[in-house]
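Nothing in this text is a laboratory measurement; each read-out follows from the coordinates by a stated rule. Keep in mind it's a predicted model, so treat the numbers as computed, not measured. Reconstructed Cβ throughout: ideal geometry from the backbone, glycine too, with neighbour counts over all protein chains shown.
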Amino acid sequence: QQLLLEPNCIFCKILSDQIPGTKVYEDDVCLILMDIHPIRPGHVLIIPTRHYDNIMDMPPTVAQHMMTLAHQMTAALTTRTSTSSTTEQFTCHGTNLLWNNGRAAWQTVMHAHLHVIPRQKGDGLGF
Ligand code: 5GP
Ligand code: ZN
């Protein structure tokens with residue numbers, strides 16, 4: 001595992017516990033990490049547990065697993081479990097899946113990651 005990480009990569013340092021990160025799920029292929037600057041509450045990053053710069057140097061099976069996790073997260077977040085007003089404010093109505101590949105495409109951390117951004121009706125976020 002250690003050999004598959006890059007010493008100067010911030011996400012590799014989180015994967016190997018050299019710096020802190022809020023990990024919400026981990027399996028052999030992926031880690032789900034809370035974004036340090038969330039665009040909306042609950043914004044997470046799905047990252048591979050070994051270093052790939054982005055989708056261009058990754059086996060398709062890894063990309064498929066990342067998308068499977070994004071699908072499961074979206075399904076779980078948008079499943080209504082209660083109709084009471086206290087939980088209504090936390091209801092997620094949809095997600096944005098965002099994957100920036102390459103600096104020309106807004107990628108700033110060069111360890112592949114798929115953003116999952118929870119959205120609510122009228123949340124005021126315009127993109
Ligand atoms: P990009 O523009 O590369 O798609 O997005 C990089 C994301 O990584 C940004 O949303 C940013 O907030 C997040 N990020 C950058 N550094 C850290 C960090 O040290 N920890 C965590 N958890 N997220 C980070
Ligand atoms: Zn890395």
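Quick notes on this structure:
- Selection status of residue 36, away from ligand 2 (no atom under 14 Å from the Cβ) and either over 17 Å from the mean Cα position of the chain (by Cα) or surrounded by 15 or more Cβ atoms within 10 Å (Cβ to Cβ) (or both): no
- Residues located in segment 39-72, provided they are under 11 Å from the mean Cα position of the chain (by Cα) and at negative phi: 43, 44, 45, 46, 47, 48, 66, 67, 69, 70
- Test for residue 19: is it surrounded by fewer than 12 Cβ atoms within 10 Å (Cβ to Cβ) and of a type in the set (A, V, I, L, M): yes
- Filter pass, residue 61 being over 18 Å from residue 118 (Cβ atoms) and polar (S, T, N, Q): yes
- Some residue of segment 57-80 being within 11 Å of ligand 1 (Cβ to nearest atom) and of a type outside the set (Phe, Trp, Tyr): no
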